[in-house]
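K.L.:
Have a look at the structure that comes next, please.
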Amino acid sequence: MIIKNPKFEISAVGKNQYPKGDLPEIVLVGKSNVGKSSFINTILNRKNLARTSNTPGKTRQINFYNIDNLFYFVDLPGYGFSKMSKQEQIKVGNFIEEYLLTRKNIKLVLFLIDIRHLPSENDKLMYNFIINHNLPCIVIANKADKIAITKVDDQVNLLSNELNPLHDLTFLPFSSERKIYTEKVWENINNII
Ligand SMILES: Nc1nc2c(ncn2[C@@H]2O[C@H](COP(=O)(O)OP(=O)(O)OP(=O)(O)O)[C@@H](O)[C@H]2O)c(=O)[nH]1
Ligand SMILES: [Mg+2]
């Protein structure tokens, strides 16, 4: 897929700020620091379109990136960022929930987990939220560069068994660091748009 002109469009903390129109939206969810914003840059082959950071808690609003007027990538704040005040965690949790539950444009959730670790309690809560609300979802096991390439497939299977014993979701490895496994992700995105 050749992307010509991906653009940041707007940050939102509530419904009235979401973009108008009915372009499909592909949403990045997952814990803080798992690599959601980096994913957007990598998959689009751009360096600094989405802002990333070594320290968790970089993304604090719902950021909409317009991808050639074909679809939006929607970058969400991560969960499990303990340095956020309790009050801010509740506020952020509420506007994320509002978005995920009310936004009809959502065509796919890309749920990022860290390939190295079994899903945390928060990951399991997010998984249940996605399943219970029938959100179409693909799980991305990110930071695949952190394990031996020969172990990637087994580890993806292990995570899939742990999180999704019914095996009704697609699990794909990914690495922003090495920019690998992007083709399979694009195949899945193309099917949606
Ligand atoms: N090794 C490795 N590091 C990665 C990968 N993807 C992201 N990172 C690093 O992980 C850190 C966090 O990346 P972000 O993309 O900002 O993470 P995020 O999920 O958007 O975090 P929040 O905005 O806090 O929710 C950065 O230091 C990235 O360089 C990857 O595939 N491999
Ligand atoms: Mg981010």
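The values are calculated or read from the model by the stated rules, or taken from the named source; none is laboratory data. As the structure is a computational prediction, the values presented were derived from the model and not from experiment. Note: ideal-geometry Cβ built from the backbone for every residue, glycine included; neighbour counts use all protein chains shown.
K.L.:
What's the total number of residues in the range 40-77 that are closer than 22 Å to ILE3 by Cα and within 9 Å of ligand 2 (Cβ to nearest atom)?
P.N.:
7
K.L.:
Related question: Return yes when LEU100 is crowded, with 18+ Cβ neighbours inside 10 Å, within 20 Å of PHE81 (Cβ to Cβ) and in contact with a His (Cβ under 9 Å, 6 or more places away or on another chain) and no when it is not.
P.N.:
So LEU100 fits the description; yes.
K.L.:
Among the residues of the range 16-59, write down those that are crowded, with 16+ Cβ neighbours inside 10 Å, modelled with pLDDT under 95 and either away from ligand 1 (no atom under 15 Å from the Cβ) or of a type outside the set (Val, Ile, Thr) (or both).
P.N.:
PRO56, GLY57, LYS58
K.L.:
Going by the structure shown, is ASN33 over 23 Å from THR170 (Cβ atoms) and in contact with a Pro (Cβ under 8 Å, 6 or more places away or on another chain)?
P.N.:
yes
K.L.:
Out of everything in the range 96-126 that is within 15 Å of the chain's Cα centre (by Cα) and acidic (Asp, Glu), what residue ends up being nearest to PHE39 (Cα to Cα)?
P.N.:
ASP114
K.L.:
Go through GLY21, GLY78 for me and flag whichever is within 20 Å of ASN122 (Cβ to Cβ) and among the small types (Gly, Ala, Ser).
P.N.:
Working: GLY21 fails: within 20 Å of ASN122 (Cβ to Cβ).
Sole residue among the options that is within 20 Å of ASN122 (Cβ to Cβ) and among the small types (Gly, Ala, Ser): GLY78.
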